[in-house]
Amino acid sequence: MTDTIISPETKAEGDNTDGTGTNKHKSISTVWHGYDVVLTENSHPSEISRDNHEAGAGDPQSDRPDPHPQDKNCRVSWRRTSNGERDDYGWLRQLDLRSDVPDIDEIRSWSFDVLQFEDSVLIDVFIKMLEYYDLLEKFQLDRQVLERYSREVMEMHHKDCYYQRIDIERAGVDEEKPQILCEYHSWYHAVGCTHASFLFLTLGGADAYLEKVDVFCILMGALIHDLDHPGTNNDFEIKRSSSLAKLYDNDAVLERHSINMGLNMCLDKPELNWMKSFQTEDCDYVKHFIGESVLATDPARHAGIVKEALEFVDIGLQDYQSTPTPESPKHGEESQPSLAYFNRNSLSHRIFIGRLILHSADISNPVHSSFDVAADWAIRVTTEFSKQAQKEKQLELPVTTFMDGLDSQVKIAEVQIGFFKWMVKPLYHTIGLLFPALKMMEGWGEKHCDEYQVVIDEHEKKLKDSMSDEAQTNDNMLDQRQGRKDSTEEKIKNN
């Protein structure tokens with residue numbers, strides 16, 4: 001698969017100035033595998049150096065907590081692949097799932113890994129993230145209602161095929177209704193997205209521009225953003241003219257479905273209704289904020305979000321350049337310019353932050369601090385891709401090109417590098433400008449691409465060596481034939 005060829009639809013956007021001499025960030029609109037993407041001048045795939053990593057604020061691997069503390073009970077639950085014929089290349093980890101509830105310090109860490117825990121433990125993790133901001137007290141939210149709601153959200157996600165156990169395989173299975181198992185779009189992804197959002201807010205500093213109700217909306221929106229996800233994408237729904245595609249007029253089909261399901265649960269089941277804690281006007285605000293944030297997870301909105309983020313960067317730079325130069329820092333102090341990209345009093349700014357956070361958190365696995373975690377998720381998502389391609393063939397639908405043929409470690413590595421370079425890197429480069437505390441995430445993604453590139457290089461070396469060996473074998477065979485020919489001619493001559 002070629003990921004470094006710019007589509008004919010490529011279009012340069014503006015130049016380096018806005019007409020007033022102020023520098024602007026040059027961007028290029030293009031298409032990668034059917035998705036609109038925006039490349040910044042510093043994130044074009046042709047400009048990416050495999051050795052040019054951001055240093056980051058310390059190595060998260062050095063202070064990683066022990067995933068299996070000796071003083072905690074960990075129930076063994078071996079993960080299995082859903083298809084015995086599919087190789088996970090050692091990237092799909094087998095873990096002893098933890099049944100203990102982590103404390104907030106562990107949760108508020110870049111090395112935290114939702115895949116390490118029993119599914120029900122993550123309900124407590126979600127509540128702890130809300131409690132960190134005192135949201136239950138602030139809005140008089142009933143903890144038991146939130147726990148019941150979270151458990152219902154967990155149950156409404158299709159089962160994670162890698163965490164199937166006998167006790168959940170046999171219980172409550174409808175024999176007449178086939179059970180959908182998702183490798184990627186499961187409860188674990190929902191909480192993983194919520195956790196990434198939590199880190200952007202806390203460690204990234206995005207919460208400085210938000211009201212507490214906005215923080216609640218972002219965390220709740222992340223939890224439900226892929227509710228009832230079938231393991232296939234919007235394009236699949238549209239191509240087969242599904243009832244959902246018709247209902248939502250082919251626009252953000254699965255995102256709108258998840259929003260409606262997540263919010264309607266409060267109306268349909270009083271015991272799950274956390275919205276009753278908000279007054280009517282506030283409730284409308286919450287529903288609107290959650291809806292806008294979840295819609296931003298539609299990949300079709302990716303390019304628009306990156307462009308809008310770059311506009312905030314340019315506006316912030318203009319404001320900064322128009323202000324007097326601050327006093328020089330004292331000896332030994334490092335100058336840290338603070339750019340006012342966002343206005344906390346602006347509703348549109350706050351909603352954009354919500355949209356930016358959810359979209360970024362949704363595709364944050366390639367920039368997790370640990371390659372082991374990133375590669376685990378990579379196997380999950382590419383397996384879902386392969387299953388969708390198989391379904392498209394069975395239904396005689398146009399096959400999604402980049403999802404087809406992911407039958408080798410090399411092809412999976414190539415897809416991961418392409419996805420990072422075309423979609424993740426431009427987004428996270430811009431995020432690093434808006435929130436400097438998140439700048440190192442782009443560097444983590446670069447390092448992971450190095451790991452994938454090693455797989456590709458080794459494969460190419462084996463091919464080259466194999467071709468060389470084959471060529472040498474052919475040369476030897478020619479030499480042998482020539483030797484036999486010469487010997488025959490010599491015998492004829494002597495006779």
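The values are calculated or read from the model by the stated rules, or taken from the named source; none is laboratory data. Quick caveat, the model's predicted, so the values are computed rather than measured. Ideal geometry is used to build each Cβ from the backbone, glycine not excepted, and the neighbour counts take in all protein chains shown. Just the protein is used for accessible areas: all its heavy atoms, side chains included, with ligands, DNA and RNA removed. Shrake-Rupley method; radii C 1.70, N 1.55, O 1.52, S 1.80 Å.
Heavy atoms only, 1.4 Å probe, whole protein assembly: order VAL213, VAL191 by accessible area, highest first.
Values: VAL213 25, VAL191 0 Å².
Ranking VAL213, VAL191 by accessible area, largest first, yields VAL213, VAL191.
Structure shown: which of LYS276/LYS425; LYS276/LYS387; LYS128/LYS439; LYS128/LYS246; LYS212/LYS276 lie over 29 Å apart, alpha-carbon to alpha-carbon? Spell out each step's value before the answer.
Values: LYS276/LYS425 40 Å; LYS276/LYS387 41 Å; LYS128/LYS439 26 Å; LYS128/LYS246 39 Å; LYS212/LYS276 17 Å.
Violating the 29 Å limit, Cα to Cα: LYS276/LYS425; LYS276/LYS387; LYS128/LYS246.
At 1.4 Å probe size, what's the solvent-accessible area of THR401? Round to the nearest 10 Å².
100
For the stretch 209-215, just list the computed ³J(HN,Hα) in residue order, Karplus coefficients 6.51, -1.76 and 1.60, θ = phi - 60°, integers in Hz, with x standing in for Gly and Pro.
Result, rounded to whole Hz: 9, 10, 7, 5, 5, 5, 4.
Give me, ordered by chain and number, the residues 5 or more places off SER27 or on other chains with an amide H under 5 Å from its own placed amide H.
The list, which skips near neighbours in sequence, is GLU13.
For SER242 and ASP450, calculate 0.36 nm times their separation in residues minus their Cα-Cα distance, and state this gained length in nm to one decimal. Please list the in-between numbers first.
Details: separation 208, 0.36 × 208 = 74.88 nm, distance 4.00 nm.
So the chain would gain 70.9 nm between SER242 and ASP450.
Go through 216-226, 101-111 and give me the packing order, highest mean Cβ count within 10 Å leading.
Working: 216-226: 26.7, 101-111: 16.2.
My ranking of the peptides, most packed first, is 216-226, 101-111.
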